[in-house]
Protein chains: 2
Amino acid sequence: MVEKINLEPPAVIRNRPKIQDVARVAGVSTATVSRTLSKPEAVSKATRDMVLEAVQATGYRADHAARNLRRRRSGAIVVLVPNLGNPFFSQILAAIENTMSAAGYSVLIADTMQPQFRKQQILEHLHNNSADGMIVLDGSMAEEFLRSETAGIAASPVVFACEWTDKLRYPSVRIDNHSGAAMAVRHLIDLGHCKIGHIAGPAHNVLTTARREGFKAELKASGLKIRSEWDFDGDFSIEAGIQAAQSWFDLDNRPTAMFCASDEIAFGFISELNSRGIRVPDDVSVVGFDDIDIARHFIPPLTTIHQPRNDMGEMAARKLLANILGVASADQQDKLLLPVELIVRKSTAAPK
Amino acid sequence: MVEKINLEPPAVIRNRPKIQDVARVAGVSTATVSRTLSKPEAVSKATRDMVLEAVQATGYRADHAARNLRRRRSGAIVVLVPNLGNPFFSQILAAIENTMSAAGYSVLIADTMQPQFRKQQILEHLHNNSADGMIVLDGSMAEEFLRSETAGIAASPVVFACEWTDKLRYPSVRIDNHSGAAMAVRHLIDLGHCKIGHIAGPAHNVLTTARREGFKAELKASGLKIRSEWDFDGDFSIEAGIQAAQSWFDLDNRPTAMFCASDEIAFGFISELNSRGIRVPDDVSVVGFDDIDIARHFIPPLTTIHQPRNDMGEMAARKLLANILGVASADQQDKLLLPVELIVRKSTAAPK
DNA sequence: CAAGCCGGTGTAATCGATTACAAATCGCTA
DNA sequence: TAGCGATTTGTAATCGATTACACCGGCTTG
């Protein structure tokens with residue numbers, strides 16, 4: 001007799017309370033509990049209070065897997081980042097995270113610096129319901145998207161940010177790279193430079209192309225000669241700046257000013273020249289691109305093109321949200337071009 | 001008669017194929033399809049081939065929400081990052097992401113620079129099955145954990161990394177901050193400095209305390225005086241370095257060397273002094289802490305304490321995985337202390 | 001030749017919440 | 001007071017995959 005009590009299943013001491021438990025405690029149906037939690041106005045005050053009390057008492061938390069299954073959504077998005085370690089991207093990421101989490105979405109990150117087979121795998125997120133959308137900061141992922149499209153896989157909400165692609169019709173948020181580059185060159189010309197060089201980003205990158213073209217266009221507009229030996233290939237890294245500095249150093253006829261496709265390039269360039277006794281801006285002027293945090297505090301403080309990183313992340317997130325929610329894209333431009341700004345600091349001066 | 005054909009539901013042209021569709025096409029049961037995909041060795045080669053073919057034909061992708069619901073797991077973890085924009089953290093994050101994604105887990109990010117009510121909300125991930133575990137890079141989140149523990153919420157796998165807390169029994173991965181600081185000071189003493197100051201991190205932070213104590217301990221061990229007016233409060237930012245530079249500048253009796261609790265502090269300090277005509281290392285030596293990427297290329301290249309960021313992220317991820325999978329923690333130390341390294345560059349020299 | 005075992009497969013219960021639909025209740029008017 | 005609509009609540013189907021259990025045939029073994 002006495003043992004029988006112990007044989008009863010410990011109904012109250014379940015591991016994790018489920019909606020059934022709350023319903024039982026509150027003396028209502030599971031439907032009512034669910035409604036109380038998702039649209040409280042559909043439930044009378046009296047029962048609402050009872051339910052909320054029962055939720056408190058049981059410590060109930062709705063299981064997201066179950067909810068997502070039924071609602072046919074995941075409540076998460078993926079951000080594809082090339083090189084997470086780069087502060088430029090992580091700040092955009094921060095803005096995206098803020099905007100999305102305020103809207104009730106979680107943010108999954110995926111680093112695209114991965115072997116090829118993993119890159120392809122990343123897109124699975126969109127096909128298996130583990131994400132409702134994707135923000136792509138890596139233009140080179142366009143190929144992967146193309147491949148999956150030709151594989152007949154349905155399109156999901158995708159927004160490109162920073163980088164973009166013309167091969168696909170996805171919306172994008174980006175800055176005006178062309179005029180940014182032009183502004184940088186204009187500034188150097190205004191200072192009196194006429195021997196102006198360029199250190200470019202990685203080959204086959206849309207940003208590299210846009211900035212290089214802006215650079216050339218402004219030179220041409222001012223009637224200055226474009227000399228290919230002053231136009232260095234690189235990537236966006238510090239190392240590329242160092243490489244370019246060596247090449248620059250070896251030139252017989254050196255440009256007196258350099259426009260770098262990124263701040264990091266500029267840092268590497270200045271740092272390497274500095275160790276060889278060349279001074280910036282005394283011996284050569286340098287303009288960067290991006291305006292990352294340290295730019296302001298580098299020695300010398302770097303003249304650069306400011307990108308509104310926060311705005312860019314936020315706009316990308318908003319656009320993605322609008323696409324996910326199916327808001328009419330009438331007022332949503334497909335290409336959002338954000339303005340840039342020239343920040344003049346101490347790394348540029350008139351030529352000697 | 002003819003219309004009747006059109007009234008048939010277009011069974012083949014479903015929106016998204018489900019396991020039922022694959023089963024029908026392959027002529028087997030859903031159980032067999034599931035088994036083929038999750039443990040192929042339990043299925044005969046003949047049927048396996050049929051199923052895989054059907055998967056190809058239909059373009060089937062297992063729905064994660066459904067799988068997670070049944071498997072009672074989410075396949076994702078959360079990383080709590082204070083200030084995502086900080087490159088120091090984003091590099092650790094990159095290492096975590098690599099390790100976790102290789103293990104088949106997704107990584108959710110959450111920025112803890114949020115209003116209080118959102119901080120509390122972050123822990124919900126662990127309570128509603130939207131994450132299987134959590135890596136915490138923000139020691140100050142310990143309070144939220146405490147609060148949720150006293151609220152009787154079951155503990156989930158959690159690992160602290162970089163920062164930690166002694167109030168809770170969670171495992172942690174961290175560097176040896178105390179000896180890092182001591183090494184920095186030792187280096188300065190070896191160069192001949194005896195007036196050594198410190199710029200600290202934010203108050204109430206474990207790293208601040210550990211590094212400050214390492215700093216003081218080494219001074220004391222060498223019989224040098226500890227002067228409180230040479231010990232500046234701050235945080236880990238560039239701004240803090242600038243502030244400290246102003247205070248340093250105003251001193252009558254200035255230290256000839258400064259140990260900074262972060263590289264960013266050092267940058268701000270050097271940058272501000274530079275604009276006031278004070279040279280590093282000629283007039284004052286500076287040691288940083290962290291060895292972030294730009295440290296090597298700053299002007300002057302920064303002498304600093306190197307943190308193995310990649311190892312730290314990877315170890316934290318591994319430890320979390322072990323906890324999630326329930327691997328015996330016998331060989332798993334609760335506190336993993338990673339070694340640091342002094343990197344001597346050009347920002348330190350013998351005093352004049 | 002019967003019993004037992006094993007690899008391979010199908011049936012159906014299950015994970016936990018949401019929600020369409022039905023039913024009950026209440027108030028108010030004709 | 002009957003009847004109608006509005007409000008509130010409950011019942012049960014549903015989301016889609018996983019997996020416990022049962023079953024079946026074939027092979028080994030005593």
Within a Gaussian network of chain B (alpha carbon springs, distance under 10 Å), most fluctuating of B:I189, B:I294, B:I175: B:I294
For A:105-113, mean number of other protein chain Cβ atoms within 10 Å: 5
In nm, what does the list of distances from A:S29 to its counterparts in the other copies look like, shortest first, when each label sits 7 Å along Cα to Cβ? 3.3
Cβ-vector label at 7 Å, B:L325, separations to other copies in nm: 4.2
Tell me the relative contact order for the range A:177-307 as a rounded percent, counting alpha carbon contacts under 8 Å between residues six or more apart. 25 percent
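With a cut-off of 8 Å between alpha carbons and a minimum separation of six or more residues, what is the relative contact order of chain B in percent? Don't jump to the answer; show the numbers that get you there.
On the way: 609 pairs, mean separation 55.5, N = 352.
Normalised by residue count, the contact order of chain B is 16 percent.
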Within a 10 angstrom radius of each residue's Cβ in B:296-302, how many Cβ atoms of other chains show up on average? Whole number is fine. 6
Using a Gaussian network model of chain B with C-alpha springs under 10 Å, which one of B:Q307, B:Q20, B:Q246 is most mobile by mean-square fluctuation? B:Q20
Quick one: net charge of B:D334's neighbours, Cβ under 11 Å, K/R +1, D/E -1? +3
Hey, fewest Cβ within 10 Å first, where do A:S247, A:S228 land in order? A:S228, A:S247
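Rounded to the nearest 500, what is the 222 nm mean residue ellipticity of chain A from helices alone, with -39500 (n - 2.57) per DSSP H run of 4+ residues and division by all residues?
-13000 deg cm²/dmol
Please give the average number of partner chain Cβ atoms lying within 10 Å of the Cβ of each residue in B:90-98, rounded to a whole number.
Average neighbour count from other chains, rounded to a whole number: 6.
From the cross-link list A:K119/B:K18; B:K167/B:K335; B:K195/B:K225; A:K167/A:K220; A:K195/A:K216; A:K220/A:K352, which pairs have alpha carbons spaced over 19 Å apart? Write down the numbers at each step before the final one.
On the way: A:K119/B:K18 24 Å; B:K167/B:K335 14 Å; B:K195/B:K225 8 Å; A:K167/A:K220 29 Å; A:K195/A:K216 13 Å; A:K220/A:K352 23 Å.
Listed pairs above 19 Å: A:K119/B:K18; A:K167/A:K220; A:K220/A:K352.
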Which is farthest toward the positive dipole end of the range A:177-307 among A:L207, A:L191, A:M258, measuring Cα position about the Cα centre, with Cβ charges +1 (Lys, Arg) and -1 (Asp, Glu)? A:L191
Between rounded, prolate and oblate, where does the protein assembly as shown land on the alpha carbon gyration tensor, with a ≥ b ≥ c its root eigenvalues, rounded for a/c under 1.5, else prolate if a/b exceeds b/c? oblate
Using 1/(1 + (r/R0)^6) with R0 = 51 angstrom and r between the beta carbons of B:A155 and A:E341, what's the FRET efficiency to the nearest 0.05? 0.55
Treating cross-link reach as a plain straight distance, find the aspartates and glutamates whose alpha-carbon is under 16 Å from the alpha-carbon of B:K319, omitting any fewer than eight places away in the same chain. B:E97, B:D132, B:E163, B:D311, B:D331, B:D334
Would you mind ranking B:V340, B:V287 by Cβ crowding within 10 Å, fewest neighbours first? B:V340, B:V287
Could you tell me the distance between the Cα centroids of the range A:44-77 and the range A:79-106, to the nearest Å? 28 Å
Looking at chain B as a GNM with Cα springs under 10 Å, which of B:D166, B:D132, B:D290 has the largest mean-square fluctuation? B:D166
Taking the beta-carbon count within 10 Å as an exposure proxy, list B:L325, A:L338, B:L123, B:L52 from fewest neighbours to most. B:L325, A:L338, B:L52, B:L123
Alpha-carbon centroids, the range B:125-151 and the range A:222-243: separation in whole Å: 49 Å
Give the nm distances, rounded to one decimal, from B:G223 to the matching residue in every other copy, measuring between label points 7 Å along Cα toward the beta carbon; shortest first. 7.6
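Each value in this text was obtained by applying a stated rule to the coordinates, not by laboratory testing. Computed from a prediction, not measured in an experiment: that's the story for all the values here. Here Cβ is always computed from backbone atoms with ideal geometry, including for glycine, and neighbour counts include all displayed protein chains.
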